[in-house]
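Take a look at the structure set out below.
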Amino acid sequence: MKFFLDTASLDEIQQAMSFGILDGVTTNPTLAAKEKKPFKQLILEICDALKGGIANAEVVSTDTEGMLREAREVVSWHPNIVAKIPMTPDGVRALSILSGEGVRVNITLVFSAPQALIVAKAGAYFVSPFLGRLDDISQDGLVLLREIMEIYRAYDFKTQVLAASLRHPLHVVEAAKMGAHIGTMPFKVFEQLFKHPLTDRGLETFLKDWEKARETLGDISGPAVSRKGAR
Ligand code: G3P
């Protein structure tokens with residue numbers, strides 16, 4: 001499973017990159033607006049920070065012509081940019097044309113299986129079902145993800161499923177179990193994936209025990225310890 005960060009914050013991207021497990025970033029107009037800098041500059045800085053990872057940049061036009069213009073523009077900025085287009089009839093018209101031109105498109109704001117079926121047929125590179133936002137209205141987002149995975153497998157669609165609006169580690173785990181190609185998550189969820197209270201407690205005990213026996217144990221990277229035959 002590829003890990004994407006759902007953010008436009010360079011600080012968060014750089015922190016996540018330091019672990020060597022980040023594959024890309026999804027931005028949207030809300031996330032970009034928080035960064036208070038020109039959009040092109042922001043996306044290019046993100047591409048730089050990702051060192052080869054994928055950056056998703058969303059269009060803001062709502063008509064097909066405008067979407068085509070903006071999608072072609074954003075993908076011209078850097079080879080690792082995927083154009084993000086909302087799941088609307090105009091968006092699907094734009095998608096069909098762009099996929100015919102070989103432009104990689106992520107269809108966003110997907111909330112139903114029929115929507116996912118349509119965009120796979122139209123050649124989307126990524127489809128982004130929003131799990132958390134379905135949960136918010138008392139529909140199980142994971143049920144939608146399961147349906148999409150089943151349909152895509154039945155027809156061997158090439159569209160990659162990008163599980164989005166992930167709100168907690170269980171969303172990530174369940175999406176991984178279903179074989180979602182990518183999970184995009186806020187930095188907070190990314191950090192939560194590392195944590196377990198037993199890891200913290202176990203480490204604390206190990207270090208206390210080491211400290212108690214420090215005189216005998218010495219330093220791991222310190223001077224050589226006198227041992228028979230050792231120098
Ligand atoms: O990637 C989808 C994301 O931008 C929406 O997430 O948490 O705002 O529902 P959220």
Report the calculated FRET efficiency for Arg72 and His168 (r = Cβ-Cβ distance, R0 = 41 Å), to the nearest 0.05.
0.65
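Heavy atoms only, probe 1.4 Å: what % of the accessible area of the chain goes to carbon and sulfur, would you let me know?
Details: 7100 of 12760 Å².
Carbon and sulfur atoms account for 56 percent of the accessible area of the chain.
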Taking 0.36 nm per residue of sequence separation and subtracting the Cα-Cα distance, how much length would be gained by fully extending the chain between Lys34 and Lys121, in nm to one decimal?
27.9 nm
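From the square roots a ≥ b ≥ c of the eigenvalues of the alpha-carbon gyration tensor of the range 11-120, which class results: rounded (a/c under 1.5), prolate (a/b over b/c), or oblate? Present the calculation step by step, with values, prior to reporting the outcome.
Working: a/c = 1.85, a/b = 1.62, b/c = 1.14.
Prolate is the answer for the range 11-120, as a/c is 1.5 or above and a/b outweighs b/c.
Relative to 2.2 N^0.38 Å, what does the C-alpha radius of gyration of the chain come to as a ratio? Two decimals please.
Values: Rg = 22.4 Å, N = 231, 2.2 N^0.38 = 17.4 Å.
Against the empirical 2.2 N^0.38 Å value, I get 1.29 for the chain.
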Interchain or long-range residues, amide H under 5 Å from Met185's placed H:
Phe4, Leu5, Asp6
Quick one: which residues, 5 or more positions from Ile54 or on another chain, have an amide H under 5 Å from its amide H? H modelled 1.01 Å from N in the peptide plane, none for Pro or chain starts.
Gly24, Val25
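Given the pairs Lys121/Lys177; Lys177/Lys212; Lys121/Lys188; Lys158/Lys195, which are separated by over 31 angstrom at their Cα positions?
Values: Lys121/Lys177 25 Å; Lys177/Lys212 43 Å; Lys121/Lys188 34 Å; Lys158/Lys195 34 Å.
Violating the 31 Å limit, Cα to Cα: Lys177/Lys212; Lys121/Lys188; Lys158/Lys195.
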Can you give the charge dipole size of the chain about its Cα centre, rounded to the nearest 20 debye, using +1 on the beta carbon of Lys and Arg and -1 on the beta carbon of Asp and Glu?
680 debye
What is the spin-label model distance, in nm, from Ile151 to Gln192 if the labels are put 7 Å beyond Cα along the C-beta direction?
2.8 nm
Cα→Cβ-extended label distance, 7 Å offset, between Val143 and Ile21, nm
3.1 nm
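Give me the number: length gained by fully extending Asp63 to Lys158, i.e. 0.36 nm times residue separation minus the C-alpha to C-alpha distance, one decimal in nm. Intermediate results must be reported in sequence, preceding the final value.
Numbers: separation 95, 0.36 × 95 = 34.20 nm, distance 2.61 nm.
Residue separation times 0.36 nm, minus the Cα-Cα distance, leaves 31.6 nm.
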What order do you get for 122-132, 40-50 when each peptide is scored by the mean count of other beta carbon atoms within 10 Å, highest first?
122-132, 40-50
Accessible surface, per residue, of the chain when the full set of protein chains is kept, probe 1.4 Å, Å²
55 Å²
Kindly write out, for the range 65-80 in residue order, the coupling ³J(HN,Hα) from the Karplus curve 6.51 cos²θ - 1.76 cosθ + 1.60 (θ = phi - 60°), rounded to whole Hz, with x marking Gly and Pro.
4, x, 4, 4, 4, 5, 5, 4, 5, 5, 6, 6, 6, 6, x, 9
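The values are calculated or read from the model by the stated rules, or taken from the named source; none is laboratory data. Quick caveat, the model's predicted, so the values are computed rather than measured. Reconstructed Cβ throughout: ideal geometry from the backbone, glycine too, with neighbour counts over all protein chains shown. For the accessible areas, the whole protein counts, side chains as well, though only heavy atoms, and no ligand, DNA or RNA atoms are used. Shrake-Rupley method; radii C 1.70, N 1.55, O 1.52, S 1.80 Å.
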